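Student: Encoded as structure tokens, here's the structure I'll be asking about.
The values are calculated or read from the model by the stated rules, or taken from the named source; none is laboratory data. Keep in mind the model is a prediction, meaning the values are calculated, not measured. Cβ: placed from backbone, ideal geometry, glycine included. Neighbour counts: every protein chain shown.
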Amino acid sequence: MLADPDSRLSSEGLVARLRRGIGELARFGTVGAFAYALDVGLFNILVHAGSPGLLYERPLTAKVIATVCATLFAYGANRQWTWRHRDRRGFLREFSLFFAFNMVGLAITLIPLAISRYALGLTSALADNISANIIGVALGTAFRFWAYRRWVFTKTQESPVT
């Protein structure tokens, strides 16, 4: 029995889906790296530049500001590059979902920072960066990738392989 070449289960279909998925993940990672640099850089400027920084006593506020700036950048880059081949269901819907999922990701990111700062009493730049920008961002990013792919940048009927 010959496999249907249009079938999602055919070897060609699986290879095409795998290539598309790897390409999306690579582009998402690239956008994420730039957004991450913006987020971490701005956070550290706000909290630690000037020893202490302007928002040293308010690291959660600094993280919110830095993450919102990085989110605005990431939306544009992901829409125009990572998932440009996916359906566009209106800017307001798409941006609202993107922003909402980023706020959930931000809440996930703030948890390790809050624990480090307020439960453990760790206030160094190293502790802030490990808790917020390594542990928190890793957890938040995993959630965001899944949410964007599932609800924000939805599949088209026939997505081209890029």
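Student: Can you pull out the residues in the range 82-102 that are assigned to a helix (DSSP H, G or I) and either among the hydroxyl-bearing types (Ser, Thr, Tyr) or loosely packed, with under 14 Cβ neighbours inside 10 Å (or both)?
Tutor: THR82, PHE91, LEU92, ARG93, SER96, ALA100
Student: Right, next: Looking at SER131, SER124 in this structure, which one is farther than 24 Å from GLY21 by Cα and touching a residue at least 12 places away in the same chain (Cβ under 8 Å)? Outline the logic, then answer.
Tutor: Details: SER124 fails: touching a residue at least 12 places away in the same chain (Cβ under 8 Å).
After ruling out the rest, the residue left standing is SER131.
Student: Quick one: what pairs do we get from the range 64-78, first residue buried (at least 18 other Cβ atoms within 10 Å of the Cβ), second in a helix (DSSP H, G or I) and of a type in the set (S, T, N, Q), C-beta under 7 Å, 6+ apart or different chains?
Tutor: THR67/THR109; THR71/ASN102
Student: Considering THR141, THR154, which residue is of a type in the set (Ser, Thr, Tyr), at pLDDT below 95 and buried (at least 17 other Cβ atoms within 10 Å of the Cβ)?
Tutor: Of the residues listed, the single one that is of a type in the set (Ser, Thr, Tyr), at pLDDT below 95 and buried (at least 17 other Cβ atoms within 10 Å of the Cβ) is THR141.
Student: Identify all residues within the range 103-115 that are within 14 Å of ASP128 (Cα to Cα) and surrounded by 15 or more Cβ atoms within 10 Å (Cβ to Cβ); write none if there are none.
Tutor: Matches in the range 103-115: THR109, LEU110, ILE111, PRO112, LEU113, ALA114.
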